[in-house]
Amino acid sequence: MNHFDYKAETLHCEEVSIKDIAAQVGTPFYLYSKATLSRHFQAFDGSFSVPHITCFATKACSNIAILNLFGSMGGGADIVSGGELFRALQAGIDPKKIVYSGVGKTRDELRYGLESGILMFNVESEQELEALQEVAAALGVQAPVSFRVNPDVDPKTHAYISTGLAKNKFGVPIHEALTVYKRAAAMANINVVGVSCHIGSQLTEVAPFVESLAKVKNFIGRLKEAGCTVKYLDLGGGLGITYNEEEPPAPKEYAKALEDELGALGCTLILEPGRVIVGNAGILVTSVLYTKQGGKKFTIVDAGMNDLARPSLYDAFHAILPVEDRGQGLEKGDVVGPICETGDFLARDKEVPVSRPNDLLAVMSAGAYGFTMSSNYNSRPRVPEILVDGDRFHIIRRRETLDMLIAGEMIPK
């Protein structure tokens with residue numbers, strides 16, 4: 001469920017007309033519904049009855065206003081960079097609810113995490129462990145560590161967002177992990193506190209989650225036999241949403257399946273939802289510039305692949321709706337942007353609204369990996385982000401200016 005609905009033939013976000021927002025802020029822009037964000041967070045977090053921390057996957061949607069909202073609801077943050085740690089802290093997230101994942105943490109980032117007092121690092125290699133030991137020793141502290149184990153489970157999702165197979169770059173192979181844990185336990189400045197596992201994104205079945213949990217649960221038993229205490233079990237995120245015809249499990253179904261498999265393991269669960277909370281809570285609003293008929297019908301809009309990369313990167317589907325429903329119907333064609341690339345499209349060979357110049361279109365389900373993956377390619381300023389709360393809207397990120405494009409650049413004398 002989301003709060004984007006037609007009222008008197010005009011698409012609204014909660015109680016605010018999207019046409020009115022566009023008139024005031026211009027296009028393109030990202031638009032989020034606070035009511036949807038709150039509802040989705042509560043639906044996910046409230047589905048679990050065991051001790052747990054819901055650490056939102058910051059990479060999905062990293063605006064500090066949205067992170068602050070989740071923090072105010074008791075949420076934490078799953079981060080993968082020093083920049084995301086900075087964002088989480090600026091948003092008021094409790095450091096003891098921040099987990100740091102990612103295969104390529106630098107020593108500076110490790111130091112930043114230690115100095116910030118985060119809950120734990122999800123370490124992904126033995127060399128990272130050595131670096132963390134060195135940094136922690138220099139600071140005279142112990143680093144709380146969980147290892148991301150790779151269970152070699154097929155998540156049945158797009159190859160680029162699959163992370164739990166043996167061929168993926170993430171984590172320590174589960175059959176090698178016990179040796180790594182024993183080595184870490186013997187290090188003076190490492191405190192082993194947990195086990196982490198994340199198999200991929202946009203999963204639409206429960207079975208891969210349960211399969212990976214079963215493998216990790218067995219591994220935790222071996223750890224306990226070896227004398228390693230596990231306080232936290234980080235199961236990552238990955239629960240999918242409906243973009244088109246997908247039928248992912250509801251959070252309650254997902255939670256029940258995990259808790260049934262978990263049994264009386266006695267660990268606090270760390271959960272890292274991202275897309276499932278924000279994906280359908282945000283849209284991208286764009287204006288039609290031109291239409292033309294070549295070998296096919298093209299609708300040319302002012303948003304491009306630099307604003308929303310998912311269609312070009314994954315051939316991902318996003319429904320496109322007219323902001324004003326005049327009964328104009330649909331036609332088969334492409335919705336394309338102004339970027340100088342053939343791969344610049346928001347929809348390709350799809351049924352899209354019949355449009356004319358100056359019409360507004362809403363690219364749906366764009367709340368996850370929309371703005372966070374956007375760029376300045378073709379020297380295009382990044383778009384603003386808008387948050388609707390009931391009958392009001394707030395600009396939570398201003399549109400970039402041309403001067404901002406060259407900030408930090410200089411011509412040598």
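Key figures for this structure:
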{"quantity": "In sequence order, calculated HN-Hα J values of segment 379-391 (Karplus, 6.51, -1.76, 1.60; Hz; x Gly/Pro)", "calculated": "6, 9, x, 6, 7, x, 10, 10, 10, 9, 10, x, 9"}
{"quantity": "Cα centroid separation, segment 74-112 to segment 379-412 (Å)", "calculated": "23 Å"}
{"quantity": "Only Lys, Arg (+1) and Asp, Glu (-1) charged, at Cβ; the chain dipole about Cα centre in debye", "calculated": "500 debye"}
{"quantity": "Neighbourhood charge, 12 Å Cβ-Cβ cut-off, centred on V123 and excluding it, Lys, Arg +1 and Asp, Glu -1", "calculated": "-2"}
{"quantity": "Compactness of segment 66-143 as Cα Rg over 2.2 N^0.38 Å, two decimals", "calculated": "1.07"}
{"quantity": "Mean Cβ count within 10 Å, highest first, over the residues of peptides 311-324, 251-264", "calculated": "311-324, 251-264"}
{"quantity": "Under 14 Å, Cβ to Cβ, from L31 - net charge with Lys/Arg +1 and Asp/Glu -1", "calculated": "-2"}
{"quantity": "Rounded to 5, percent antiparallel among DSSP beta bridges of the chain", "calculated": "50 percent"}
{"quantity": "The chain, relative contact order in percent, only Cα pairs under 8 angstrom and at least six apart counted", "calculated": "19 percent"}
{"quantity": "Gyration tensor verdict on segment 102-271 (Cα atoms; rounded if a/c is under 1.5, prolate if a/b is larger than b/c, oblate otherwise)", "calculated": "prolate"}
{"quantity": "Three-way shape call for segment 261-413 based on the alpha-carbon gyration tensor, with the a/c threshold at 1.5", "calculated": "oblate"}
{"quantity": "Order by protection proxy (mean Cβ within 10 Å, highest first), peptides 212-219, 267-274", "calculated": "267-274, 212-219"}
{"quantity": "Only Lys, Arg (+1) and Asp, Glu (-1) charged, at Cβ; segment 102-271 dipole about Cα centre in debye", "calculated": "500 debye"}
{"quantity": "Residue-averaged [θ]222 nm for the chain, counting only DSSP H segments that reach four residues, each worth -39500 (n - 2.57)", "calculated": "-8000 deg cm²/dmol"}
{"quantity": "Span from the segment 290-362 Cα centroid across to the segment 14-73 one, whole angstrom", "calculated": "25 Å"}
{"quantity": "Sparse-neighbour loop sites [trypsin sites (Lys or Arg not before Pro); segment 315-356; at most 14 other C-beta within 10 Å; DSSP]", "calculated": "R326"}
{"quantity": "Cα gyration tensor shape of segment 328-413, rounded if a/c is under 1.5, else prolate or oblate by comparing a/b with b/c", "calculated": "oblate"}
{"quantity": "Semi-axes of the equivalent ellipsoid for the chain, Cα gyration tensor, largest first, Å", "calculated": "40, 23, 20"}
{"quantity": "Under 20 Å, Cα to Cα: Lys pairs in segment 102-271, sequence gap 8 or more or different chains", "calculated": "15"}
{"quantity": "Residue among G221, G370, G327 with the largest mean-square fluctuation in a Gaussian network model of the chain, springs linking Cα atoms under 10 Å", "calculated": "G327"}
{"quantity": "The chain: DSSP helices with Cα axial extent of at least 24 Å and average Kyte-Doolittle hydropathy no lower than -1.0", "calculated": "207-225"}
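Where a number appears in this text, it was derived from the coordinates with a stated rule and is not lab data. The shown structure was predicted, so the numbers you read here are calculated from the model rather than taken from an experiment. Neighbour counts are summed over all protein chains in view; Cβ atoms, including those assigned to glycine, are modelled from backbone coordinates with ideal geometry.
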